[in-house]
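Before any comments, here is the structure.
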Amino acid sequence: IPTDGRRPGPARRRLLEQYAAHAALAIEHSRVHTLMADSEQLFRAMFDRSPIAIALMTEDQRITRVNAACERLLGRGAADLVGHAPDEFVPDVTRTPTTGGTELGDQYEVHFTRPDGSEVWGRVNRTSLAAGMRAGPRLLLTQIEDITLLRTMQARFAHAATHDELTGLANRALVLDELAGVLADADKRGRRAAVLFCDVDHFKEINDTLGHAAGDQLLAEIGRSLASAARHRDVVGRFGGDEFVLVAYPMPTEAKATVLADRVMRAVRRPVELCGEPVVPSLSIGVALSTPGDSADAVLAAADQALYTAKAAGRGQWQLAAGL
């Protein structure tokens with residue numbers, strides 16, 4: 001700028017404007033660079049300290065970086081993870097989509113096993129980092145929320161809704177549901193099913209003399225014996241009180257059904273110590289075989305009637321239903 005008080009000429013003004021523009025550009029570039037450095041530092045801090053497992057991956061599924069939470073969730077150190085694809089160290093992973101997603105799969109759930117044998121459920125959110133946000137190839141930001149406790153509790157609630165708390169066997173509702181399904185399949189395939197309706201002999205006397213705790217112990221023991229005597233596909237359940245039901249399918253003949261009933265009775269007749277007293281339990285069993293078109297209620301009623309006949313004949317035996 002002239003010091004003699006005169007205004008600069010056009011050439012000098014253009015030169016000064018260009019200088020000012022370059023200075024402003026340099027200042028803006030410095031500001032953007034500072035902001036980017038601050039953002040990168042903030043991103044790294046959030047990445048490293050996040051309680052949620054996070055991994056950066058290339059588009060071909062190679063891991064480039066993981067945080068400490070990811071190492072804990074996967075049960076492996078960064079040295080074992082970086083440079084590898086997840087399928088290399090979790091070959092048995094099960095993926096369940098939870099949204100519509102894209103070809104990259106933006107959200108899904110996974111179930112896998114850690115090296116120590118423990119099972120993990122995770123909710124995965126995967127985002128593609130826009131190319132304009134960073135230099136170099138595009139990366140995938142993968143976050144894995146540990147939902148193991150949630151899935152475990154859900155499984156427990158579902159099991160409790162369909163299983164007897166004392167014995168762990170199917171409860172009444174599940175037995176009825178399974179029997180209805182078995183009978184529907186039997187009608188389609190021209191097969192038969194058998195229902196063994198079982199009642200613990202003299203259970204009231206045991207409860208009255210030894211107490212309810214002893215009675216519960218006996219029911220749990222009998223439940224285990226019934227489960228061990230049943231075939232792989234059979235359904236064993238506690239119907240209520242001291243009543244148990246075994247649904248055997250397929251069951252081609254009455255003779256085979258009575259063979260199963262004999263096996264069940266032998267399995268139960270094992271000494272059990274209750275409150276220091278040896279007890280040899282026994283069952284009365286009613287056996288009914290289905291015929292085409294039978295309902296679950298009809299087969300159960302026939303088996304229940306046969307059970308009543310077995311108890312009236314002296315207990316500790318099975319009786320076949322007269323027919324539906």
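The values are calculated or read from the model by the stated rules, or taken from the named source; none is laboratory data. None of the values given here were measured: they were computed from a predicted structure. Methodologically, a virtual Cβ is constructed for each residue, glycine included, from the backbone with ideal geometry; neighbour enumeration extends over all protein chains shown. For accessibility, only protein heavy atoms count, side chains too; no ligands or nucleic acids. Shrake-Rupley method; radii C 1.70, N 1.55, O 1.52, S 1.80 Å.
The table that follows gives values for the structure above.
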{"quantity": "Heavy-atom surface of the range 149-265, accessible at 1.4 Å and reported per residue (Å²)", "calculated": "50 Å²"}
{"quantity": "Residue-level accessible surface for His111, protein heavy atoms, 1.4 Å, Å²", "calculated": "50 Å²"}
{"quantity": "Summed residue charge, Cβ within 9 Å of Phe89's Cβ, Lys/Arg positive, Asp/Glu negative", "calculated": "-2"}
{"quantity": "Under 22 Å from Lys204, Cα to Cα: lysines that are on another chain or at least 8 residues apart", "calculated": "Lys311"}
{"quantity": "Radius of gyration and Dmax over the Cα atoms of the range 180-227, both given in Å", "calculated": "16.7, 49"}
{"quantity": "Listed peptides 230-238, 117-125, 274-282 by packing density, highest first (mean Cβ within 10 Å)", "calculated": "230-238, 117-125, 274-282"}
{"quantity": "Accessible carbon and sulfur surface of the range 281-323 relative to its total accessible area, %, 1.4 Å", "calculated": "50 percent"}
